[in-house]
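Undergrad: I'd like to ask you about the structure that follows.
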Amino acid sequence: LAGCASTSLESPSDGASTFRHAPLVREAFIADPSAHVFDGRIYVYGSHDVDEPPRDDEPGSAFVMRDYRVLSMDRIGGPVMVHPPGLRLEDVPWADRQLWAPDATHRDGRYYLYFPAKDHDGIFRIGVATGDRPEGPFTAQPEPIPGSYSIDPAVFVDDDGARYMYFGGIHGGQLQRWVSGRYDPAMGETDLQQPDAPALMPRVARLSADLLTFAETPREVMLLDDTGAPLLGGDLDRRFFEAAWVHRHDGRYYFSYSTGDTHTIAYATGDSPYGPFTYRGVVLTPVQGWTTHHSIVEVDGRWWLFYHDTELTDRTHLRSAKVAELVHEADGRIRTIDPFVR
Ligand code: FUB
């Protein structure tokens, strides 16, 4: 193991810090934390932020990540291990740059790491790598998942064992370039530029039995307002930007996501893993740093929000993972977390 840091849930209470929660680790910058409990231990799959010059001037090009390093801990608040790189860019034949936010799943002693990267044409695709340990090493499939595109894969396991991948991100995540079903760079660098039209929606596809491909063509995940109308492109406080995550609580499916340029983690609820999901509110108010990205996981009957911020650097591409307790109210709403309020 490359490192093991003790962490506390809260930042020091001597008044020196305005942050409510402490970084999980300080010896590496781990962002976009996707947390899971595998065999009784908590594993966090995140982006490994580094400070390198960008290769191009596309949106998001400052995020140049080249490998994945898994964090693990036996309990929330316990010592956190920083494992050696589990997958490196040079070991992914199809990938050229930018290993962005990953996720993982586990079945029958195999671990599956899902990750986005730009291919040699500069197009984001989603790949999968497998291994027999939760922290890796992982071996990448030679090609990206057929029919995959954009960024931020998140894999949800339903009670019947079916696994669904949610993905997509606008702006630097290129989702706006896929409206025709084919990659179209003429669709620009932001979104549809139609504030009164339905917003770009995230995507979902059930995974195949071997967990290496999609079992179906990805479909849109509809995010609705409380009148049943799709959220609009101009509804910046509520529309989807990136960082999809799904969890199930008390029979409801919760779809949570980043609103990007308005910097919240929002959530919507529904009755099916495919949606539609109706907007309910805010999970996490803005953190320090432009991006916000999270996961929600149950550990021994309590629920936790893993998220990131730039407390240690104040630089938007050098982020640290944190964890906060998350509460579902009796009516199913999620109590909003403010990362600055103790
Ligand atoms: O880490 C790179 C990108 O920043 C992620 O893919 C987005 O979700 C945002 O957190």
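Undergrad: Jot down the per residue volume, in cubic angstrom and as a whole number, of the convex hull over the alpha-carbon atoms of the chain.
TA: 127
Undergrad: What are the trypsin sites (Lys or Arg not before Pro) within the range 120-216 that DSSP puts in a loop, where the Cβ has at most 11 other Cβ atoms within 10 Å?
TA: Here the sparse-neighbourhood loop sites are R182.
Undergrad: Moving on. For the range 144-224, what is the convex hull volume of the alpha-carbon atoms per residue, in Å³?
TA: Output value, Cα hull per residue: 95 Å³.
Undergrad: While we're looking at this one, here's another question. For the range 9-130, what is the Kirkwood estimate of the hydrodynamic radius, computed as the reciprocal of the mean inverse distance between distinct Cα atoms, to one decimal in Å?
TA: Hydrodynamic radius (Kirkwood, Cα pairs) of the range 9-130 is 15.7 Å.
Undergrad: More than 20 Å apart: what percent of Cα pairs in the range 85-237 qualify?
TA: That fraction is 50 percent.
Undergrad: Kirkwood Rh and Cα-based Rg: tell me the resulting Rg over Rh for the range 301-342, rounded to two decimals.
TA: Rg divided by Rh gives 1.08.
Undergrad: Any idea how far apart D121 and L312 come out in nm if each label point goes 7 Å out from Cα toward Cβ?
TA: 3.8
Undergrad: Right, here's the next one. Running Debye on the range 185-279 with equal point scatterers at the Cα sites and no solvent, what base-10 log of I(q)/I(0) appears at q = 0.18 Å⁻¹?
TA: -0.86
Undergrad: FRET efficiency for D261 and A215, Cβ-Cβ distance as r, R0 = 35 Å, nearest 0.05?
TA: With a Förster radius of 35 Å, E is 0.55.
Undergrad: Charges only on Cβ, +1 for Lys and Arg, -1 for Asp and Glu: so what's the dipole of the chain about the Cα centre, in debye to the nearest 20?
TA: 380
Undergrad: Heads up, I need the accessible area for R133: 1.4 angstrom probe, whole protein in place, Å², nearest 10.
TA: So the heavy atoms of R133 present about 120 Å² to solvent.
Undergrad: So, one more: Tell me, what is the Rg over Rh of the range 68-129, with Rh the Kirkwood radius over Cα pairs?
TA: Computed over Cα atoms, the ratio is 1.04.
Undergrad: Continuing with this model, one more query. If we sort 321-329, 41-49, 73-81 on the protection proxy, mean other Cβ atoms within 10 Å, highest first, what's the order?
TA: 41-49, 321-329, 73-81
Undergrad: Please calculate how many Å² of accessible area the range 280-342 carries per residue, with a 1.4 Å probe and no DNA, RNA or ligand atoms counted.
TA: For the range 280-342, the per-residue accessible area is 40 Å².
Undergrad: Taking the Cα centre of the range 201-342 as the origin, how large is its charge dipole in debye, to the nearest 20, when only Lys and Arg (+1) and Asp and Glu (-1) carry charge on their Cβ atoms?
TA: 140
The values are calculated or read from the model by the stated rules, or taken from the named source; none is laboratory data. Given the structure is predicted, the values throughout are model-derived calculations rather than measurements. Counting neighbours? That spans all protein chains shown, and the Cβs are built from the backbone with ideal geometry, glycine included. Each accessible area value is taken on the protein alone, full model and side chains, heavy atoms only, with ligands, DNA and RNA left out. Shrake-Rupley method; radii C 1.70, N 1.55, O 1.52, S 1.80 Å.
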